Structures are given as structure tokens and as C-alpha cells.
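First up is the structure itself, then whatever we jot down about it.
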Amino acid sequence: ILQGKRAVVTGSNSGIGLGIAEELAKAGAEVIINSFTDRPEDHALAADLAARHGVAVRYIAADMSDGAACRALIEQAGGCDILVNNAGIQHVAPIDEFPVDAWNRIIAINLNSAFHTTAAALPGMRAKGWGRIVNVASAHGLTASPFKSAYVAAKHGVVGLSKTTALETAGQGITCNAVCPGYVLTPLVEAQIPDQMKVHNMDRETVIREVMLQRQPSRQFATTEQMGGTVVFLCSPHADQITGTAISVDGGWTAL
Ligand code: NAD
């Protein structure tokens, strides 16, 4: 359903971004994957996606903490019909001990990058009269947890930016929405399981259910495929009138 559309997915050489890139490629879109590194394995990921789905896939290195690099990514891609702002990092510390550098990097990568890429992508979308912007926020774009001040502030900001973008593009064939994942089993989360098992002296299944998924009523991880499927849905004609909203994919977390 996405043949002839070009998609840029920021922060997509692993985890949710890669899952989204996969589903977009499966749906026939040309895809640009991105991270800040420029290693042979990054380009190999693009070649693998292209071969498996028979679509054009390029890897473009760009550091999403740098506003000029965010805008250059869109330019190097040749513009895009679908923009998925997914790059994100986390740091956990009490506010009064939160390193200023970590605060600034989280706001830059998780929030400011979406402003820059959106600003760069909109003129091309307006010229074509079609565009889809999907911002990957989080359950933490709608609720808070202690010790995640920068992340929660950035993700609430992403939800607000999505609403404003929706209002500025309404009626122009362009939609903008936020997707709010709960806990998703990405390599990042997988890597935390052995530590949590040690700290809590629990087996894998118990630590996942009782500790990691304590706030997710389904007690099941969301998957990167489900994130990709939600993005593809938002890019489909069924979602033409869905704009300015935040879609939770969180096993009921934010219903609590
Ligand atoms: P991840 O670490 O696997 O992916 C993050 C991606 O961003 C990677 O591809 C990484 O290379 C890239 N990235 C980091 N810094 C970058 C930079 N400066 N420039 C360009 N790219 C950069 O983590 P993930 O779990 O897949 O997270 C993806 C998004 O989903 C993030 O925005 C995160 O906040 C959000 N999210 C994740 C979860 C979860 O449970 N995993 C839950 C809610 C929201």
C-alpha cells in the first residue's frame, strides 16, 4: 500500500526504529534508515532490508543531537513522504542530581530532532499534497515516572509538537500523530534483564512479569512489529482523518 512513498525513520539501526523500517519496507515504501554511526553493518542492514522486501533502502548517517544534521538528513534523502521521528535515549537520575549534559542530550535527540526534521520535510509534503509524520513518543509522553525528568519532559513535548504539527497541516493531505509505546522488548530492554534478575534474585519470567512489566497491565511486552504495524496503519488511507492524536500501544499502562 505504500509503493511510491519515501520514508525516513530516524534512529533505525536497532529496536523499534528498525521494526518500523521493516514494516514500511514490507508495505512497499522506499526507506531511509539512520543512526549517528557510519559502520559497514549499518549499510548492510539497509542492503538486507532491500533484498528481503524488493524495495530501495538507504542508510544515511546523521547525528540527531545536531539540528543542522537533522535538516541535512531530510535533504540528503531527497525529501520524504513519510517521516518517523524515532531516535531516542534515556538517562535515569533524581532531578537535583541530573547531569546537565544528559538533560541537554535527551531534549536534543528525543524532542528537538523532531522539530528540525519536521520543519525540513513539510515544504516537500505540502508541494505533493500528501504526507505522514509519526512521532514515537512513549507512555511517558502521557504519564510520568520518578527519576526520568528529561525523558518525560521530552516525550510530553513530542506529544505537544505532534498536535501543533497536525493543526498547521490540517486539510493539506498531511497528518501528524504520536505513537506511545509501553515497554517494548528491544535489545536495549533485553540487556537489562540479566541485571534485574540478579538485583531481585528472580528468574527471567518473574522479573519480566513482576518488575519490568509491573505497570503494564497485560504483563506482556509490546513488539517492534506492532509498532511498525501501527505506523503503517497511520500511513494508510484508513487513517486519513486521524491527526493530532496520541495512540497508545502499551498493554493498558495509561488506562490505569
Ligand atoms: P534503541 O536504543 O534500540 O533505539 C534507539 C535508536 O536511536 C537506535 O537506532 C540508536 O542508534 C538511535 N540513536 C541514538 N542516539 C542517536 C543520535 N544521536 N542520532 C541518531 N540516532 C540515534 O531503543 P528503542 O527501545 O528501540 O527506542 C526507540 C524509540 O522508542 C525511542 O524514542 C524511545 O524513547 C522509544 N520508546 C521505547 C520504549 C521501549 O520499551 N523500548 C518504550 C517507549 C518509547
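One residue stands out among those in region 1-52 that are assigned to a loop (DSSP other than H, G, I, E, B) and small (Gly, Ala, Ser): the one that is surrounded by the fewest Cβ atoms within 10 Å (Cβ to Cβ), which is Gly4. Of the residues making up region 75-84, those that are away from the ligand (no atom under 12 Å from the Cβ) and under 17 Å from the mean Cα position of the chain (by Cα) are Cys80, Asp81, Ile82, Leu83. Considering only region 186-215, state which residues are of a type outside the set (D, E, K, R), surrounded by 11 or more Cβ atoms within 10 Å (Cβ to Cβ) and touching a residue at least 12 places away in the same chain (Cβ under 8 Å). Of everything in region 186-215, those that are of a type outside the set (D, E, K, R), surrounded by 11 or more Cβ atoms within 10 Å (Cβ to Cβ) and touching a residue at least 12 places away in the same chain (Cβ under 8 Å) turn out to be Thr186, Leu188, Val189, Gln192, Ile193, Gln196, Val207, Ile208, Val211, Met212, Leu213. When Ile1, Ile16 are checked against the criterion of being within 14 Å of the ligand (Cβ to nearest atom), of a type outside the set (Asp, Glu) and touching a residue at least 60 places away in the same chain (Cβ under 8 Å), a single residue qualifies: Ile16. In region 130-176, which residue that is polar (S, T, N, Q) and crowded, with 24+ Cβ neighbours inside 10 Å is farthest from Lys5 (Cα to Cα)? That would be Ser138.
Against the numbered list (1) within 10 Å of the ligand (Cβ to nearest atom); (2) in contact with an Asp or Glu (Cβ under 6 Å, 6 or more places away or on another chain), Arg6 comes up short only at (1).
Please tell me if Ala102 is closer than 22 Å to Ala139 by Cβ, among the small types (Gly, Ala, Ser) and surrounded by fewer than 19 Cβ atoms within 10 Å (Cβ to Cβ). Spelling it out, Ala102 is indeed closer than 22 Å to Ala139 by Cβ, among the small types (Gly, Ala, Ser) and surrounded by fewer than 19 Cβ atoms within 10 Å (Cβ to Cβ). Considering only residues in region 53-78 that are of a type in the set (Asp, Glu) and not in a helix (DSSP H, G or I), the one that is nearest to Ala108 (Cα to Cα) turns out to be Asp66. Of all the listed residues (Ala72, Ala87, Ala56, Ala68), the sole one being under 18 Å from the mean Cα position of the chain (by Cα) and modelled with pLDDT of 95 or more is Ala87. Taken together, Thr118, Thr143 contain a single residue that is within 17 Å of the chain's Cα centre (by Cα), of a type in the set (Ser, Thr, Tyr) and more than 10 Å from the ligand (Cβ to nearest atom), which is Thr118. Of the helices (runs of 4 or more DSSP H) contained entirely in region 152-256, those carrying at least 3 residues that are away from the ligand (no atom under 11 Å from the Cβ) fall at 193-200, 224-235. Each residue in region 19-39 was checked for being more than 10 Å from Tyr59 (Cα to Cα) and away from the ligand (no atom under 12 Å from the Cβ), and 9 pass.
Among residues that are over 27 Å from Val249 (Cβ atoms) and within 16 Å of the ligand (Cβ to nearest atom), Asn104 is included.
One residue alone among Ala114, Ala93, Ala150, Ala139 is within 21 Å of Ala62 (Cα to Cα) and touching a residue at least 12 places away in the same chain (Cβ under 8 Å), and that residue is Ala114.
The values are calculated or read from the model by the stated rules, or taken from the named source; none is laboratory data. Note that the structure is predicted; figures quoted are calculated from it, not measured. We place every Cβ from the backbone using ideal geometry, glycine too, and count neighbours over all the protein chains shown.
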